[in-house]
Amino acid sequence: MTITTEIVTLTPALAAEWLNSNTCNRPLSTLRASRYARDMKAGDWRFNGETISFTADGRLVDGQHRLTAVVESGVTIQQVVVHEP
């Protein structure tokens, strides 16, 4: 199996678009997303290699809290993105 990995400049608009494919994740913790957004606004968010992951058919499977935080904060971040084959 070969996966595709890239580093993406994740804007709030792109994050909102990707959240539309969020159909199979656990329930969103608004508290966690708000904490992430607070850190992003304060400039305390660090690129750490965690991924936003999608299935082969384009469904989001990991990263909903980070995506929500980007939308909420209005901050653009760098993010590793993985796509299953």
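The values are calculated or read from the model by the stated rules, or taken from the named source; none is laboratory data. The model shown is predicted, which means the values in this text are computed figures rather than measured ones. Cβ coordinates were reconstructed from backbone atoms using ideal geometry, including for glycine residues, and neighbour counts include every protein chain displayed.
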Inset, instruction - Considering every residue within the stretch 56-71, establish whether at least one is in contact (Cβ under 8 Å) with a residue 24 or more places away in the chain and in contact with a Lys or Arg (Cβ under 6 Å, 6 or more places away or on another chain). - result: yes
Inset, instruction - Evaluate the stretch 16-29: report whether one residue or more is loosely packed, with under 14 Cβ neighbours inside 10 Å and either in contact with a Lys or Arg (Cβ under 6 Å, 6 or more places away or on another chain) or among the aromatic types (Phe, Trp, Tyr) (or both). - result: yes
Inset, instruction - Just name the residue that is farthest from Val75 (Cα to Cα) out of those in the stretch 8-29 that are at pLDDT 95 or above and β-branched (Val, Ile, Thr). - result: Val8
Inset, instruction - Examine the stretch 51-61 for a residue that is surrounded by fewer than 15 Cβ atoms within 10 Å (Cβ to Cβ) and small (Gly, Ala, Ser), and state whether such a residue exists. - result: yes
Inset, instruction - Can you give me the ranges of the helices (runs of 4 or more DSSP H) entirely in the stretch 1-77 with at least 3 residues that are under 10 Å from the mean Cα position of the chain (by Cα) and at negative phi? - result: 12-19, 64-73
